[in-house]
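*Asks:* Okay, here's the structure, questions in a sec.
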Amino acid sequence: PAAMPRNPKKGGPSPGGAKKGGGSKPSSSKKASAPQRMQTEIMAPAPSVWRPGVDPLEDGEELDYDPTAYDCLHPLQLDWPCLSCDVIKDDLGAPRSKFPHCMTMVAGTQAPTAKQNYLAFLKLANLGQGRHGKKATKGEDDSSSEDDDESMSGSEGEEEPREDVDLVFGPPRMHYRLINHMGGVNRVRSCPQQPGMVAVWADTGVVRIYDGTNLVKTMAEELEQPSKARNKMDLKPLMQHSHAMEGYAMDWSPVTAGRLATGDCKKNLCVWEPQQAGAWAVSGSYSGHEDSVEDIQWSPTESTVMASCSADKHVCVWDTRERAKPMINVQAHDCDVNVISWNHSASYMFASGADDGGLRVWDLRSFQKDGPVSEFNFHKGYITSLEWCPYEGSMLLSTASDNQLAVWDLALERDPEEEAALAPAGNAVIDATDLPAQLLFLHAGQTDLKEARWHAQIPGMILSTAGDGFNVFKPSNL
């Protein structure tokens, strides 16, 4: 794996609140006089906020992001893109807010051939602010006179410092352990009660459980990156089970340690019950869906209750003791329901995301008789992932095929007086009515965005994965 390179400049929107500036100027063999240069600077248009799906991008215009919109932003890549990733809980305590941060994660690749794939356990260390947040607002006047020294500022032609490198803490580090895996990884999830144990859904139709606890422990003890690249290793799975077809739906129970549920594209849904000696008993299929099972979520409070969504447009709520039919079966959308999320802070709140880009929030106390309590049709592509914030019950994270990651706060309502008062402090004047009042933050700049996860121990920190790599970032308003 590469060591956290800076993202290459893209033609599409960059991360954060994108600002639209003028395009490149035509070259000339003559130098402009001082008055001409001054006039050019005065006439240059001020940056403005670009709204994806609302504002066109004219020829010659470039998109850049506002570094003050983030407290930190770190891009990184593996050899191959990853459809799925998860944060691994560590022993560093919570909540953590002081930089530099350290986090552990797991991801699985989608390589060109089955044998090239691997499962990656990663420790991302020394994650500083770089040139983001308040540091991005410091101008030249904040620097000491020593900054004029060539040895401090760098000579002409020297490469510009990376924006993710902190001048105090130095560059971030990536420690890794790579496990050979036959087949591409559709989804990977860390067990909440034993974080080093992960379940992996392969595109070969096989679900495997690996115990990477020792690998995570040795990475945690590493203080420096190894001088040589580490080779991929073999790790025997604790358990594996073959479905009739590949799938994506998978979730560990937060109530019963080791209990797992998996669903495939042939509408089969199974529950894995932990047994003695590190084994699992896999149930027969639960009957209720008429098409592919797309996602599964366990109840945050009840050990025998889980929910599933399907390409049949329905969401089912199950009692695991009854496989013949679900307790509740509701048509939640008018198209495929791709993802669901169960709120752990308010266990009666439930969210679903569909193929038409629609997001719906439900009150499970009146799920069958009433419609959604909130609905958002902001995304311009199908929803790819959805997760409630683990420490703030009103906040929801969504990603979609329009390559936008949105953070929502359902507690927000539009206040025209407050918007008018804050307008002079903003970097542009925009019509706020074009955006939902509950849209708290919008992240862009990744291509083929697939999944995002909150970091439960670092409030505001988000991990996202896309076709061009990962982003680890913290919005400045969270």
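*Asks:* Inside the stretch 440-463, can you point out the residues that are in a strand (DSSP E or B), farther than 17 Å from residue 77 by Cα and open to solvent by 30 Å² or more (accessible area, probe 1.4 Å)?
*Replies:* Pass one, the stretch 440-463, residues in a strand (DSSP E or B): 440-443, 449-454, 462-463.
Remaining after also requiring farther than 17 Å from residue 77 by Cα: 440-443, 454.
Matches in the stretch 440-463: 440, 442.
*Asks:* Going residue by residue through the stretch 187-205, is there one that turns out to be basic (Lys, Arg) and free of Cβ contacts under 8 Å to residues at least 24 places away in the same chain?
*Replies:* First, pick out the residues of the stretch 187-205 that are basic (Lys, Arg): 187, 189.
Among the residues that remain, those that are also free of Cβ contacts under 8 Å to residues at least 24 places away in the same chain are: none.
Taking every residue of the stretch 187-205 in turn, none turns out to be basic (Lys, Arg) and free of Cβ contacts under 8 Å to residues at least 24 places away in the same chain.
*Asks:* Can I ask one more? Is it the case that residue 197 is open to solvent by less than 30 Å² (accessible area, probe 1.4 Å), under 21 Å from the mean Cα position of the chain (by Cα) and of a type outside the set (Gly, Ala, Ser)? Spell out the reasoning first.
*Replies:* Values: open to solvent by less than 30 Å² (accessible area, probe 1.4 Å): yes; under 21 Å from the mean Cα position of the chain (by Cα): yes; of a type outside the set (Gly, Ala, Ser): yes.
The answer is yes for residue 197.
*Asks:* Note down all Cβ pairs under 7 Å where the first residue falls in the stretch 451-472 and is at positive phi, the second is among the aliphatic types (A, V, I, L, M), and they're at least six residues apart or on different chains.
*Replies:* So the pair list comes out as 460/478; 469/76.
*Asks:* Another question, if that's okay. Could you check residue 277 against (1) surrounded by 13 or more Cβ atoms within 10 Å (Cβ to Cβ); (2) out of contact with any Pro (no Cβ under 8 Å at 6 or more places or on another chain) and say which number it fails?
*Replies:* Exception for residue 277: condition (1).
*Asks:* For residues that are under 19 Å from the mean Cα position of the chain (by Cα) and in a strand (DSSP E or B), tally how many sit in the stretch 59-96.
*Replies:* 15
*Asks:* Still on this structure: If only one of 282, 271 is within 23 Å of residue 191 (Cα to Cα) and buried (at least 19 other Cβ atoms within 10 Å of the Cβ), which one is it? Explain how you work it out, then say what you get.
*Replies:* Details: 282 fails: buried (at least 19 other Cβ atoms within 10 Å of the Cβ).
Result: 271 is the single residue among 282, 271 that is within 23 Å of residue 191 (Cα to Cα) and buried (at least 19 other Cβ atoms within 10 Å of the Cβ).
*Asks:* Which ones in the stretch 55-82 are open to solvent by less than 70 Å² (accessible area, probe 1.4 Å) and at pLDDT below 85? Can you show your working first?
*Replies:* To start, the set of residues in the stretch 55-82 that are open to solvent by less than 70 Å² (accessible area, probe 1.4 Å) comprises 55, 60-61, 63, 65-78, 81-82.
Scanning the stretch 55-82 gives 55, 60, 61, 63.
*Asks:* Further question on the same structure: Restricting to the stretch 279-328, name every residue that is more than 16 Å from residue 268 (Cα to Cα) and in contact with a Gly (Cβ under 9 Å, 6 or more places away or on another chain).
*Replies:* Hit for the stretch 279-328 is 280, nothing else.
*Asks:* Same structure, new question: Can we say residue 260 is crowded, with 21+ Cβ neighbours inside 10 Å, aliphatic (A, V, I, L, M), touching a residue at least 60 places away in the same chain (Cβ under 8 Å) and within 24 Å of residue 185 (Cα to Cα)? I'd like the intermediate steps shown before the answer.
*Replies:* On the way: crowded, with 21+ Cβ neighbours inside 10 Å: yes; aliphatic (A, V, I, L, M): yes; touching a residue at least 60 places away in the same chain (Cβ under 8 Å): yes; within 24 Å of residue 185 (Cα to Cα): yes.
Judged against the criteria, residue 260 is a match.
*Asks:* Please work out which residue is least open to solvent (accessible area, probe 1.4 Å), limiting yourself to the stretch 97-114 and to residues that are among the hydroxyl-bearing types (Ser, Thr, Tyr) and assigned to a loop (DSSP other than H, G, I, E, B). Working first, answer last.
*Replies:* Initial filter on the stretch 97-114 (among the hydroxyl-bearing types (Ser, Thr, Tyr)): 97, 104, 109, 113.
Cutting the leftovers down to assigned to a loop (DSSP other than H, G, I, E, B) gives us 97, 113.
Details: 97: 95, 113: 69 Å².
The selected residue is 113.
The values are calculated or read from the model by the stated rules, or taken from the named source; none is laboratory data. This is a predicted model, so every value here is computed, not measured. Positions of Cβ are backbone-derived with ideal geometry, glycine not excepted, and every protein chain shown enters the neighbour counts. We work out accessible area using only protein heavy atoms, side chains counted, and drop any ligands, DNA or RNA first. Shrake-Rupley method; radii C 1.70, N 1.55, O 1.52, S 1.80 Å.
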